[in-house]
Amino acid sequence: MITPTRFFISQKAFIYNEGKILLLKEADDGVNVCVDKRCLPWWRIELGEKLEEAFERELEEEVGISTYEKKLITAGQFFPTVKGEGWHIVALYRLCKPNSTDIRLSTEHKDATWVTLEEAMKLERPGDEEAGFIAVKKYLEENTY
């Protein structure tokens, strides 16, 4: 592992609709950490930005939707290498429901798909998401959502 030189706090969204979650493929712009893998919508929180405000703003920018029934499920961290630079990212994993399924991707993404949680857990995804998927699966098994 490369020694991290950058630190971010991010949010990752489990957008849950009729038993399926939304996964994205990021465009290869040289900065994204999830190129050619399916990943949850995610973003970095800007300095001074409130978590709720960042969540709604970024979902609108990234996929063109708003959400409700947002629940913080768990947190994790990962250490990707991006363009030869070590990053340390703390991620907050949130479960939510979309107000619409009419997805409008930003230029940062090249594809979106709805899959069951079980299907998603079998796909190649960033390793940091595993703990989030396990926590969401457990939450959905134990709660009506």
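Observations
- Summary value for the chain: 34 percent relative contact order, contacts being C-alpha pairs under 8 angstrom separated by 6+ residues.
- For the stretch 4-142, a Kirkwood hydrodynamic radius built from all Cα pairs, placed in the Stokes-Einstein relation at 10 °C and 1.306 mPa s, yields a translational diffusion coefficient of 105 µm²/s.
- Residues whose placed amide H lies under 5 Å from that of residue 64, excluding near-sequence neighbours: 104
- Stokes-Einstein D for the stretch 1-78, Kirkwood Rh over Cα pairs, 25 °C, 0.890 mPa s (µm²/s): 175
- Cβ crowding within 10 Å, taken as a proxy for footprinting-reagent exposure, orders 121, 1 from fewest neighbours to most as 1, 121.
- Listed residue pairs exceeding 18 Å between alpha carbons, taken from 25/97; 20/97; 20/137: 25/97
- Sequence-distant residues sharing a close amide H with residue 14 (under 5 Å, placed H): 94, 95, 96
- Most mobile listed residue (12, 110, 50) in the chain, GNM with C-alpha springs under 10 Å: 50
- Local electrostatic count, residue 131, Cβ distance below 15 Å [Lys/Arg +1, Asp/Glu -1]: +2
- For the options 38, 125, 104, a Gaussian network treatment of the chain with springs between C-alpha atoms closer than 10 Å singles out 104 as fluctuating the most.
- Using the Cβ-Cβ distance between residue 79 and residue 108 with R0 set to 30 Å, the FRET efficiency works out to roughly 0.90.
- By other beta-carbon atoms within 10 Å, ranking 16, 139, 93 with the fewest at the front produces 139, 16, 93.
- Principal-axis tilt of helix 51-63 within the chain, Cα atoms, nearest 10 degrees: 90
- Hz values of 3J(HN,Hα) by residue in the stretch 129-145 - Karplus curve (6.51, -1.76, 1.60), Gly and Pro given as x: 7, 4, 4, x, 5, 5, 5, 5, 4, 4, 4, 5, 6, 9, 9, 7, 9
- Each of 14, 133 has some number of other Cβ atoms within 10 Å of its Cβ, and from fewest to most they run 133, 14.
Taken together, the values in this text are just the output of simple stated rules run on the coordinates, not laboratory data. A quick note: this is a predicted structure, and the numbers were derived from the prediction, not measured. Reconstructed Cβ throughout: ideal geometry from the backbone, glycine too, with neighbour counts over all protein chains shown.
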